[in-house]
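Heads up: the structure comes next, in structure tokens.
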Amino acid sequence: MTIPQSIEAQRALLKELTENVSDPAIKSAISRILSSRASLEEKLSAIIGLTNDQDPQPTVKDKTLKAVSDNDNMDDDNNKDANPHQEILPASYADDPKEPETSGSASNEPMKQEEGDNNTTAEIPEMVGLREIRKNRKKLKRTIEEAGMLQFFFDDLWKIIPFQKNTGLIDSKFLYLHMRCSPLHVDVYSVSLQKRTLLPLNEFLRQLLSKGWVFLTKTEYNVFSLLRELTESVMAIDFLHLNYQDRDLADSLGKIEQNFLALRSVCQDLNDFSAAIRKAFQNMPELPGSISSTLTLVQRVLSYNILNPSLEQFILAANIVKYRRFLELSDLMEETAGTVISTNEYDAPDHIQTEIRRYLKETESRLSTLVKRRDVLQSKEQGKNLKQNEYEDLAFFYSYGDDLLQQAQDLLDPKKRGLQNTNTTGGNFQRDKSLAIVFTLRFIQRFVQTTRTLLTGTLPLSSGVQRIFSKDLFGYYFEKIDENLSALAACLKEHPHFSVDQLTATRAVPLEDLTDMQKKILAGFDGVLQPLLMIHGLLQKIIQKHVPPPPSVKPGPITIRQTTGETLSIPFSQEFIDQRDVLMGKTVSEALFSLQDILTQFLMILQPETSNIRNLDLEEIEREIFALAKLIKRIGTKEYFQTIRKKYRLSV
């Protein structure tokens, strides 16, 4: 019903409305309205609202139809804006209109495994994907009906008045409410909240989320991710220029409201943040602020009354005005909305998802190497002979040959370049591995030619020629090999069939009982095997300490000093090698894992009694496998972990 413009028409309408009222309660309310100091138009508006409340209440059927209609409208809205945060979702979620069969296939999972290794997802209960999480957050706010004038006047108004006095965020013009934001309130939200709280908190969250997935659980990370979405949405609000006279102001706060409700639904006790914040500073001491100051910032954002008025009070005030009801935070939340925080994958931007996939791929590669070593050691413990396929990496690497007698002469001739001569004629791994001198010379020639560039020089990669390690990190050991190899090569002419068994037997003889020739042979072997052991140990240390760098950081060549720290980052670890040899087509990370494994297999043949050859004893290897499996379980999706567990026969 519209209110006429002229005073005479307004008076006539007022008379008509007041004469036709039969309900005593409404009559009493009209008397109070008429005796108030409000203008004629305001009185008329209030009485129209009261008389409209006399309409019959909807039946159960009417309510059901309305609920269905509201749900349909919600679905339409979701379809129009199914993914308002597309930039922070993995690409496969952003473009695919359907929910993926498994949430892990779209985000925190490395490249697809070989066919036949993936038949485990049927055993896993269906997980809620990130896209479904977004939908659930949109459904988190309960559908609220606007209170009628009678309910408002006799019930809600008297509850709103204390809230109004406490916060000062609501003003009333007779029976009509609207938001009020005084200069003091603007100062609280623009300075105390945005500038002094959200600005430093957002910087903390930015740095934490860039690499916090390395140590945070998925739930911890995703709560911080949601908190950052909230801080950014609040930072985007200009509190000074909001239209506080608009009764529908709550509609413009939808993003803030959605994130705030989601956070409070999973963090009822704000002290829940303290353990995660403590973990963050323990693992990233470079983070700005401190544990206590950061926890205080979080509490200032999410608590009801640390700031006065607080963000929660602002959200409540906007909804009280819109629905003309007294509301608490629990009144806004729909209990059946579903999961709003993923526990199966990291809710991170695409570039971080890529880093997670790379990290998992590298971790799996390391796990694969350890599983191979475990199997070899278990077979030795059980007295089984090693089979050909248990030296498959070494055999492939060794698959070349040359004239060893000619090579020995070249090595002894100072005018020739020795190891640079690559006159290959075809080697035989199975035949040579029992011949200690022949096998060692051929292997070292191949090893030096293949790895010197990678470990001491510049390497052609897919992005160009790059240096991975400082020259002096491995350079000293290659120099020792160059110096000592000629002594071993000199023994080849006199003892071309000197076997591994003879080498083992010679090592068992006391030094004083050795012949001069035996001493010469042992010295030749020690001169080249010791540098190889040192290279092997250094590679192992680098691989164990490697963590992917943040996306914005380009690590330089690894130095000796870096290897003494707790962690380091291998530069260009996922770049492909463009060198025309057995490393071609591998990434830098894959090449280092492969070289470590090849050295392990070689040293186990030539010097099996040395504990360093096996890296760790069987028990320690199994402990490290267990630790890597737990790491994959924490970082990867449940589906991916089940695939890994089946593929490598893990008992975790």
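The values are calculated or read from the model by the stated rules, or taken from the named source; none is laboratory data. Small disclaimer: the values here were computed from a predicted structure and weren't measured. Methodologically, a virtual Cβ is constructed for each residue, glycine included, from the backbone with ideal geometry; neighbour enumeration extends over all protein chains shown. Surface areas here come from the heavy atoms of the whole protein model, side chains and all, with no ligands, DNA or RNA. Shrake-Rupley method; radii C 1.70, N 1.55, O 1.52, S 1.80 Å.
Checking F204 against (1) at pLDDT below 95; (2) outside any loop (DSSP other than H, G, I, E, B); (3) open to solvent by less than 20 Å² (accessible area, probe 1.4 Å): exactly one of these is not met. Which one?
Failed condition: (1).
Here is a list of conditions, (1) open to solvent by less than 60 Å² (accessible area, probe 1.4 Å); (2) at pLDDT 90 or above, and H185 meets all of them except one; can you say which number that is?
Of the numbered conditions (1) open to solvent by less than 60 Å² (accessible area, probe 1.4 Å); (2) at pLDDT 90 or above, the odd one out for H185 is (2).
For the range 412-432, check the following and say yes or no: at least one residue is among the small types (G, A, S) and at pLDDT 90 or above.
For the range 412-432, residues among the small types (G, A, S) and at pLDDT 90 or above: absent.
Mind checking which residues of the range 318-353 are assigned to a helix (DSSP H, G or I) and without any contact (Cβ under 8 Å) to a residue 60 or more places away in the chain?
The answer is S330, and nothing else.
I'd like the full set of residues that are part of a loop (DSSP other than H, G, I, E, B), out of contact with any helix residue (DSSP H, G or I) (no Cβ under 9 Å at 6 or more places or on another chain) and either polar (S, T, N, Q) or open to solvent by less than 30 Å² (accessible area, probe 1.4 Å) (or both), limited to the range 253-272. Spell out how you get there, then give the answer.
Residues of the range 253-272 that are part of a loop (DSSP other than H, G, I, E, B), as a first pass: 267-271.
Adding the requirement that they be out of contact with any helix residue (DSSP H, G or I) (no Cβ under 9 Å at 6 or more places or on another chain) leaves 268-269.
Once the filter is applied, which keeps residues that are part of a loop (DSSP other than H, G, I, E, B), out of contact with any helix residue (DSSP H, G or I) (no Cβ under 9 Å at 6 or more places or on another chain) and either polar (S, T, N, Q) or open to solvent by less than 30 Å² (accessible area, probe 1.4 Å) (or both), the range 253-272 yields only Q268.
Starting from the range 210-229, keep only residues that are open to solvent by less than 30 Å² (accessible area, probe 1.4 Å), then list their pairs with residues that are among the aromatic types (F, W, Y) and not in a helix (DSSP H, G or I) whose Cβ atoms are within a distance under 8 Å, requiring at least 6 positions of separation or different chains.
W213/Y346; K218/Y346; Y221/Y346; N222/Y346; S225/Y346
Considering only residues that are touching a residue at least 60 places away in the same chain (Cβ under 8 Å) and open to solvent by 20 Å² or more (accessible area, probe 1.4 Å), look in the range 167-182 and name the one that is nearest to T231 (Cα to Cα).
Result: C181.
Given the structure, is Y244 closer than 25 Å to M333 by Cα, surrounded by fewer than 22 Cβ atoms within 10 Å (Cβ to Cβ) and among the aromatic types (F, W, Y)?
Taking the combined requirement at face value, the residue satisfies it.
For L199, state whether it is open to solvent by less than 10 Å² (accessible area, probe 1.4 Å) and under 28 Å from L287 (Cα atoms).
The answer is no for L199.
If you scan the range 497-540, which residues turn out to be among the polar types (S, T, N, Q), open to solvent by 20 Å² or more (accessible area, probe 1.4 Å) and either farther than 20 Å from Y476 by Cα or without any contact (Cβ under 8 Å) to a residue 60 or more places away in the chain (or both)?
Selection gives S499, Q502, T504, T515, Q518, Q530.
Given the options R431, R446, R452, name the one that is touching a residue at least 40 places away in the same chain (Cβ under 8 Å), closer than 28 Å to K586 by Cβ and open to solvent by 10 Å² or more (accessible area, probe 1.4 Å).
Result of the check over R431, R446, R452: R446.
Select from the range 455-496 the residues that are within 36 Å of the chain's Cα centre (by Cα), open to solvent by 40 Å² or more (accessible area, probe 1.4 Å) and without any contact (Cβ under 8 Å) to a residue 40 or more places away in the chain and list them in ascending order.
Scanning the range 455-496 gives T458, V465, K471.
If you scan the range 335-364, which residues turn out to be among the small types (G, A, S) and either touching a strand residue (DSSP E or B) at 6+ places or on another chain (Cβ under 9 Å) or open to solvent by less than 10 Å² (accessible area, probe 1.4 Å) (or both)?
Answer for the range 335-364, where residues must be among the small types (G, A, S) and either touching a strand residue (DSSP E or B) at 6+ places or on another chain (Cβ under 9 Å) or open to solvent by less than 10 Å² (accessible area, probe 1.4 Å) (or both): A337, S342, A348.
H495 versus (1) modelled with pLDDT of 90 or more; (2) farther than 21 Å from F576 by Cα; (3) not in a helix (DSSP H, G or I): which is the lone unmet condition?
(1)
Taking only the range 541-572 into account, find how many residues are of a type outside the set (A, V, I, L, M, F, W, C), modelled with pLDDT of 85 or more and either assigned to a loop (DSSP other than H, G, I, E, B) or open to solvent by less than 60 Å² (accessible area, probe 1.4 Å) (or both).
Going through the range 541-572 one residue at a time, the tally reaches 9.
S290 - would you say it is free of Cβ contacts under 8 Å to residues at least 12 places away in the same chain, open to solvent by less than 50 Å² (accessible area, probe 1.4 Å) and closer than 21 Å to L209 by Cα?
So S290 fits the description; yes.
Residues being within 24 Å of L240 (Cα to Cα), of a type in the set (S, T, Y) and assigned to a loop (DSSP other than H, G, I, E, B): count how many of those fall in the range 143-193.
Of the residues in the range 143-193, 1 are within 24 Å of L240 (Cα to Cα), of a type in the set (S, T, Y) and assigned to a loop (DSSP other than H, G, I, E, B).
Checking the condition under 23 Å from D187 (Cβ atoms) and either surrounded by 19 or more Cβ atoms within 10 Å (Cβ to Cβ) or among the aliphatic types (A, V, I, L, M) (or both), which residue from A275, A280, A318 passes?
Numbers: A275 fails: under 23 Å from D187 (Cβ atoms); A280 fails: under 23 Å from D187 (Cβ atoms).
That would be A318, the only listed residue that is under 23 Å from D187 (Cβ atoms) and either surrounded by 19 or more Cβ atoms within 10 Å (Cβ to Cβ) or among the aliphatic types (A, V, I, L, M) (or both).
Taking the range 274-294, which residues are in a helix (DSSP H, G or I) and within 22 Å of the chain's Cα centre (by Cα)?
S274, A275, A276, I277, R278, K279, A280, F281, Q282, N283, I291, T294, listed by residue number.
Of L650, L616, which residue is under 16 Å from R366 (Cβ atoms), open to solvent by 30 Å² or more (accessible area, probe 1.4 Å), aliphatic (A, V, I, L, M) and at pLDDT below 90?
Criteria check complete, one pass: L616.
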